[in-house]
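Visitor: Below is a structure I'd like to ask you about.
Where a number appears in this text, it was derived from the coordinates with a stated rule and is not lab data. Predicted model only: the values in this text are computed from it and were never measured. Every residue, glycine among them, receives a Cβ derived from its backbone with ideal geometry; neighbour counts consider all protein chains shown.
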Amino acid sequence: MKLPRELINGILIFFGIALYFLIMELFGLSKILYLRILNAAFVYYGVSKTLQYNMKEGKTGYITNLLSAGATAIIGVLLSVLGLLTYIYARGGNQYISNLSGEFLFGGNPTANEYCFGVLFEGIASAVIVVFVAMQLWRKKTSTDDA
């Protein structure tokens, strides 16, 4: 059974983000909010791999690739947030939240579930932006190849 390319690249996004988070945690940098911006690079990499594979297979339709790229990004973000939630509960649950970034979308002292919901919201928003940027870059790349 062959897994869909979107799922494979979504899992790749998850592993990239998880490894990045663990390295940040190891060096005590997980409280720095701005380092989370680099998560977008892992999402872009996975989305780009999906688009590259689609182009290689001859799938050049904008909507087809947009949906494929979107599915890849959303799978990666969902798996990453589920992984984060699991990690938070493995490290002590709500007490562990104080070790993470103090800057939070909704403010206050969130629970583990609220924190992950905020990260999910941020992740989906950034995933949408990354997908549209990647689509524009790929569209430009394929249209100049035709000329």
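Visitor: Calculate, in nm to one decimal, what Y62 and N113 gain on full extension: separation in residues at 0.36 nm each, minus their alpha carbon distance.
Guide: So the extension gain works out to 14.8 nm.
Visitor: Ok, one more. Only helical DSSP H runs with n ≥ 4 go in: add -39500 (n - 2.57) per run for the chain, normalise by residue count and round the 222 nm mean residue ellipticity to 500 deg cm²/dmol.
Guide: -25000 deg cm²/dmol
Visitor: While we're looking at this one, here's another question. Label-point separation (nm) for F121 and F27, each offset 7 Å from Cα along Cα-to-Cβ?
Guide: Distance between label points: 3.0 nm.
Visitor: In the neighborhood of I8, defined by Cβ-to-Cβ distances under 13 Å, what is the net charge if each Lys or Arg adds +1 and each Asp or Glu adds -1?
Guide: Residues close to I8 contribute a combined charge of +2.
Visitor: For K141, give me every one of the aspartates and glutamates with a C-alpha distance below 18 angstrom, ignoring sequence neighbours fewer than eight places off in its own chain.
Guide: Counting by Cα, and skipping residues close in sequence, K141 has these aspartates and glutamates nearby: E57.
Visitor: Could you work out the longest stretch of the chain that avoids the GluC sites (Glu not before Pro) located in DSSP loops with at most 15 other Cβ atoms within 10 Å?
Guide: Counting at most 15 other Cβ atoms within 10 Å as exposed, the longest clean stretch of the chain is 1-56.
Visitor: For a quick check of your reading of the filter: which chymotrypsin sites (Phe, Trp or Tyr not before Pro) in the range 21-69 sit in a DSSP loop and have no more than 16 other Cβ atoms within 10 Å?
Guide: Loop-located and lightly packed - F27.
Visitor: For Cα Rg over 2.2 N^0.38 Å, pick the label among (1) 1.14; (2) 1.21; (3) 1.29 that corresponds to the value derived from the coordinates.
Guide: Checked against the structure: label (1).
Visitor: OK, next. What FRET efficiency, computed as 1/(1 + (r/R0)^6) with R0 = 35 Å and r the Cβ-Cβ distance, is obtained for T86 and L137, rounded to the nearest 0.05?
Guide: Efficiency computed from Cβ-Cβ geometry: 0.60.
Visitor: Oh, and also: Just to confirm the number: angle between the C-alpha axis of helix 62-90 and the first principal axis of the chain, 0 to 90 degrees, nearest 10?
Guide: The two axes meet at around 20 degrees.
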